[in-house]
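The values are calculated or read from the model by the stated rules, or taken from the named source; none is laboratory data. Small disclaimer: the values here were computed from a predicted structure and weren't measured. Glycine also receives a Cβ, built like all others from the backbone with ideal geometry; neighbour counts cover every protein chain displayed.
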Ligand SMILES: [Zn+2]
């Protein structure tokens, strides 16, 4: 399959590179074959499809380093509250009722919206991660998926009963899948929902699997104050 994008402006990832105006991009299968002014294009390149680049910009895909893709379904559920009130009073009760199916479709909806606006790589942490992974596997996006080693519940966020083995299974099932586009991390939701022993155990699990941790950290002034009080007191 040969595609020719004609007369497009190009922003490259190289900060030293010039902003390229009004050139053609030739694509063969899933690779860029050339970027060149129309006058320099080889006559050998006969495209199967032509796309006009007029008033368009070609640029590297954007990266969203923190998503909860399936929460697209909760848009406008309670958008105007402080973080803790929003999370504990409004969102957790909704999330308690989530199903695999809802997360699957919510993840696909979130992915579609991001692809539409140019985001091609994300780091997603959420619930029902098996369903989320199935939802995103065939989108073509590069995805870092993180799964929590503590089980979620609506009143306090996460149960003390752990699901560390589920994390190991999820890691083995999904890390490196979709031609290497999926990577699996360990989710540590936050220092306010994970107690100190759980933080340490999650870190040990990430080390054991040779992977990283995705965490909410110091999102609000209140979290900073609470965290310093809790953890500095504990460490002295
Ligand atoms: Zn978040």
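Scanning segment 198-222 for residues that are more than 23 Å from residue 184 (Cβ to Cβ) and either in a strand (DSSP E or B) or without any contact (Cβ under 8 Å) to a residue 40 or more places away in the chain (or both) yields 218, 221. What are the residues in segment 89-120 that are within 16 Å of the ligand (Cβ to nearest atom) and touching a helix residue (DSSP H, G or I) at 6+ places or on another chain (Cβ under 7 Å), if any? The answer is 91, 94, 103, 106, 107, 110.
Every residue, every condition in (1) modelled with pLDDT of 90 or more; (2) surrounded by fewer than 16 Cβ atoms within 10 Å (Cβ to Cβ); (3) within 16 Å of the ligand (Cβ to nearest atom), yes or no:
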position	(1), (2), (3)
122	yes, no, yes
130	yes, no, no
136	yes, no, no
148	yes, no, yes
162	no, no, no
174	yes, no, no
188	yes, no, yes
195	no, yes, no
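If the condition is being within 13 Å of the ligand (Cβ to nearest atom) and under 20 Å from residue 220 (Cα atoms), then segment 72-83 contributes only 83.
If I ask for residues that are in contact with a helix residue (DSSP H, G or I) (Cβ under 8 Å, 6 or more places away or on another chain) and either closer than 18 Å to residue 128 by Cβ or assigned to a strand (DSSP E or B) (or both), which ones from segment 69-88 would you list? If the condition is that a residue be in contact with a helix residue (DSSP H, G or I) (Cβ under 8 Å, 6 or more places away or on another chain) and either closer than 18 Å to residue 128 by Cβ or assigned to a strand (DSSP E or B) (or both), then 69, 70, 71, 72, 73, 74, 77 are the ones that fit. For segment 129-140, a residue qualifies if it is touching a helix residue (DSSP H, G or I) at 6+ places or on another chain (Cβ under 9 Å) and under 11 Å from residue 108 (Cα atoms), and the qualifying residues are 131, 132, 133, 134, 135, 136, 137, 139.
Taking segment 10-68 as the range and being within 16 Å of the ligand (Cβ to nearest atom) and outside any loop (DSSP other than H, G, I, E, B) as the test, the residues that pass are 63, 64, 65, 66, 67. When the test is whether a residue is over 30 Å from residue 15 (Cα atoms), within 19 Å of the chain's Cα centre (by Cα) and in the same structural domain as residue 221 (by TED's automatic domain parsing), residue 138 passes it.
Looking at the structure I just gave you, is residue 213 within 28 Å of residue 81 (Cα to Cα) and assigned by TED's automatic domain parsing to the domain that holds residue 81? Yes.
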